[in-house]
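Here the structure is laid out as structure tokens; the discussion comes afterwards.
The values are calculated or read from the model by the stated rules, or taken from the named source; none is laboratory data. Just so it is clear, the model here is predicted, and its values are computed rather than measured. Methodologically, a virtual Cβ is constructed for each residue, glycine included, from the backbone with ideal geometry; neighbour enumeration extends over all protein chains shown. The protein model used for the area step is the full one, side chains on, heavy atoms only, and it has no ligands, DNA or RNA in it. Shrake-Rupley method; radii C 1.70, N 1.55, O 1.52, S 1.80 Å.
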Amino acid sequence: MTRVIEGSQAVAEAVKLAKAKVVSAYPITPQTHIVEELARLCSDGTMDARFICVESEHSAMASVIGAASGGVRAFTASSSHGLALMHEMLHWASAARLPIVMAEVNRALGPGWNLWLDQTDSLAQRDTGWIQIYVSDGQEALDTTLAAYRLAEIVNLPVMVVLDAFFLSHTYEPVDVPSQEDVDRFLPPYSPKFLLDTKAPYVLGEVAPPSVYMEMRRSIQSAMESAPEALEAVDEEFRSIFGRGYGPVEAYRCEDADIVIAATGTTAGTARVAVDALRDRGEKVGLLRIRLFRPFPARAVHEALRGTKKVAVLDRNCSFGAGGIFAQETRAALYNLGGPPVHSYIAGLGGRDVTPSLVEELYFDAKKAAAPAPESVWLGLREELCK
Amino acid sequence: MKASRLDSLNVSLFISRSSASTSSNKTGSWSFSRPRRAERSAPCSAACPCSEDIPRIEMLASRGLADEALASILEENPLPGTCGRVCFHPCEAACNRGGIDEAVSVNALERSLSDATVTAAPPARKLPPSARKKITIIGSGPAGLSAAYFLARLGHECEILEASSAAGGLLRWGIPEYRLPSAALEREIARVESLGVRIRLGRPAGEDMLAEPSRGRDAVVIATGHGRPSALGVPGDELALDALGMLARSRRGEERRFPRGGAPVAVVGGGNTAVDAARTLLRLGAEPIIVYRRRREDMPAIGAEIEAALAEGVRILPLAAPSAIEGSDGKMALKLRRMRSGDAGADGRASVAPVPGEDFALEVSAVYAAVGASAAERWMLPREGSALRLARCAIDPTAAGGRPVAYAGDLTIGRESVSDAIASGKEAAIALDALFSFGIKGVAAEIERALAADGGSASMEAYSRGPRATRSRAIVKAEDLNADYIERSRRANGRALESAKAALSFAEVECGLGPAEAAAQAGRCLNCGICNDCDNCRTFCPEAAVDVGPPGSGDPAWTSPRAPNLDYCKGCGICATECPRGALSMEEASS
């Protein structure tokens, strides 16, 4: 049934349809609407689930780790400082191989205090062993949350579904909310590969000496390496039931493009408009929307950029001292596989608008540059404040 | 669906997990303290003159176990349908929930349970014939009924001598029908009789009862209550009528109706009798004014009754003390002194003194005195010297020609209330039973043993060595509760007749709580001090070392089948901290 709902509500609907049994979260703008809705669904009995109130995000993640260890589907959501506070437990969740799903609404970190879109919070967690998927609209947020459980339970790794603050979390859009029956066909009841059982107790997470620790780490990496194939298979199943699907990347008008703009989330929507406008003016430009960030879909990116002369990556984040993070990852992925030079651009931090004309500015800057600048190029800066 | 692709996917999963069971690791051996189910007493129960086990009653009621809940009340109180209507409910003032949002509606719940189910009296103790005593109780008011009920349950043979034509004493003749309908009272008297108690009506007792111990009588209980109303003590006070006498005539249907438009009638006093008399006179067509010498807030009557009287149209004239009554029947002047309230006196109430030159008078058609009463005859009072005085009764081992006499009811209690009278009768019954077993020297110790809580009164269950006897007498204070687990909610007392309508008839004013509402209100009780199976201890135990038996194991009405498994309990104390109601405590483990 198509309903006009917020991106936040789309996520909550998916969690409900996935029949999560435990939700634990600490509220933080702009994640709040997701957990408010889930708290309501838990308290009024719509969901047969327990909402565990906690005093911090660290405890929220610890609670869902406990729930998942007990063998049930668990969910949490966070943003920005909240996610940063979870950091220790993020490592624990992945190394414990628990299929937890989290919605993460990208928000800037302070100071200066800022509630708006900036991807640095989730990207700073790239080494924690979580699968990360960046979504661009309400429908995709719902669909990806459902698929995240399927994927997580196959590879035994936690999945972070990443949404843009406000542009997605707080925007109402028509969303096809699938029936429970269809969701049940796609997502079978959770059958954990291991769980804590008080009747047959054993230790989870016990000491791992040098003789075994390395193999455990290798196992996490192996699971990550199998994630792209698993995601593709999950996507196929999803498509067969719901008639729509996604993929690790989305290539738009890239086939004959000389220059491809790479973007993520809602920014890709703006870039799509700019690409169409530029194409109308005869520019050979395409768009590569990167959905999967961990594991980084190197082959899919390489494939999409085959024949492209330049790729210009638009980052709404900055790794200080290194620049835009998607650009770094793209550059690293293409270095051995071969591919076009990577031009790195940073724009729209802390919720600043990225307009179609800014995307055009990016395109023409990349087009005229003989070679990529050594550092990321910052677009849309107020020069009078940069002295 | 093509499930094959995902099924064949081989995902590495090598985790840190022990290969052997950890059950052989008895972590309990590390502990130096351990949790103990240390059930404690609730402040409501300690405040209840009848020592009802309120947290347990409400726990049972909230689970829909109305019969079991009422059985628990009947363990301590033979007259729940009466107390549920007329008790001044000190339990609610003591309720720990009062400091969180609003006190639990204990009083309305007691009435609801009593009205909703017909539960038999608990079974009587079987005594060998040699131990079974024959006891005569004088008076069938709350104290007499209570003494007979508890003595009968302790296995003795009881008869009650009642001077009037019907049983109930003050409950029948002193409390108006609109507060305590006859039908409710009859049920309770029938329950007392069901234990084999014979009530002989129209049998006034005299001092010869004490002179004639023969006729196979082993003991006497004097529970006559007040027989002599106090006079106002002012010139012309012979013109005043006795308010209790008027209430009795009204209950018999013998009281006159007042003509419309007559002069107001004055009721002098501030207790429940004054308020009952005023509301009764209102229903008989009069225009009553309560005249009280202190401030309105000093009136000893139940606050809700005062509010109801005012709402129905009774007027209250505070700080006015009669100085004389002049005139004759039908047209008289009640001379009054304007009083001024001063500092608090020794009893905690503000003292009053006349304001010079501010005398005034009320023109009234009648004056009713409701200023207390005293014993009708001297023999009804305990003898000085030989009687052992207990908290609410007195016992004299030889007053009836060498046989024991117990004194109970209004003449031996400090606070005159129905519940205190019931408690007095119970205490007298326990005291006599103890006297039969241990002699007079053993009585005080047995009464002490029967106290259920610090500062509380005697409990039949504790005296009978029931499960409650194992509970600590220490009272759970508000700060002992874990308020994090208490959801705020509103109390309800049930509906009542609209005041304007209520004042037109003797129909019962309070309508009580319906069964569903009552169960919900009972669920507001925090069950201070007792386990109500909330499972917090088990949920939060990091060792999963709180064992729970299968549902239905143990006595569901009493013992929750939860116990710490000391093989694995490390003694961290989380269970005791997380217990919302203070029913767990930590104690040092013996080595």
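Structural remarks
- Qualifying residue in the range A:200-213 (condition: modelled with pLDDT of 95 or more, among the aromatic types (Phe, Trp, Tyr) and in contact with a helix residue (DSSP H, G or I) (Cβ under 7 Å, 6 or more places away or on another chain)): no
- Hits in the range A:120-138 (condition: out of contact with any Cys (no Cβ under 9 Å at 6 or more places or on another chain) and either open to solvent by 10 Å² or more (accessible area, probe 1.4 Å) or over 17 Å from A:PRO248 (Cα atoms) (or both)): A:ASP121, A:SER122, A:ALA124, A:GLN125, A:ARG126, A:ASP127, A:THR128, A:GLY129, A:SER136, A:ASP137, A:GLY138
- Counted residues, the range A:366-386 - those being open to solvent by 70 Å² or more (accessible area, probe 1.4 Å), under 22 Å from A:LEU278 (Cβ atoms) and not charged (D, E, K, R): 2
- Qualifying residue in the range B:374-393 (condition: in contact with an Asp or Glu (Cβ under 8 Å, 6 or more places away or on another chain), open to solvent by less than 30 Å² (accessible area, probe 1.4 Å) and in contact (Cβ under 8 Å) with a residue 60 or more places away in the chain): yes
- Positions within the range A:161-193 being of a type in the set (A, V, I, L, M, F, W, C), under 27 Å from B:SER8 (Cβ atoms) and not in a loop (DSSP other than H, G, I, E, B), in sequence order: A:VAL161, A:VAL183, A:PHE186
- For the range A:234-265, taking the residues that are of a type in the set (Gly, Ala, Ser) and away from chain B (no Cβ under 11 Å), the one that is nearest to A:ALA304 (Cα to Cα) is identified as A:ALA251.
- Some residue of the range B:402-409 being at pLDDT below 90 and buried (at least 20 other Cβ atoms within 10 Å of the Cβ): no
- Counting only helices (runs of 4 or more DSSP H) wholly contained in the range B:205-298, the ones carrying 1 or more residues that are surrounded by 24 or more Cβ atoms within 10 Å (Cβ to Cβ) occupy B:243-252, B:272-283.
- Of the residues B:ASN493, B:ASN532, B:ASN565, B:ASN482, the single one that is closer than 30 Å to B:ALA308 by Cβ and at pLDDT below 90 is B:ASN493.
- Members of the range B:447-466 that are surrounded by fewer than 19 Cβ atoms within 10 Å (Cβ to Cβ) and under 19 Å from B:ALA124 (Cβ atoms): B:SER464, B:ARG465, B:GLY466
- Breaking point among (1) more than 14 Å from chain B (Cβ to nearest Cβ); (2) open to solvent by 30 Å² or more (accessible area, probe 1.4 Å); (3) outside any loop (DSSP other than H, G, I, E, B), for A:ALA141: (2)
- The range A:154-198: number of residues that are small (Gly, Ala, Ser) and within 14 Å of another protein chain (Cβ to nearest Cβ): 1
- Residue among A:SER94, A:SER78 that is polar (S, T, N, Q) and within 14 Å of another protein chain (Cβ to nearest Cβ): A:SER94
- Number of positions in the range A:199-233 that are among the β-branched types (Val, Ile, Thr) and either touching a residue at least 24 places away in the same chain (Cβ under 8 Å) or within 7 Å of chain B (Cβ to nearest Cβ) (or both): 2
- Positions within the range B:433-446 being open to solvent by 10 Å² or more (accessible area, probe 1.4 Å) and either in a helix (DSSP H, G or I) or over 22 Å from B:THR136 (Cα atoms) (or both), in sequence order: B:LEU435, B:PHE436, B:SER437, B:PHE438, B:ILE440, B:LYS441, B:GLY442, B:ALA444, B:ALA445, B:GLU446
- Helices (runs of 4 or more DSSP H) enclosed by the range B:1-108 - at least 1 residues per element that are open to solvent by 40 Å² or more (accessible area, probe 1.4 Å), within 14 Å of chain A (Cβ to nearest Cβ) and farther than 19 Å from B:CYS525 by Cβ: B:4-7
- For B:ALA166: the one exception among (1) closer than 26 Å to B:GLU510 by Cβ; (2) under 22 Å from the mean Cα position of the chain (by Cα): (2)
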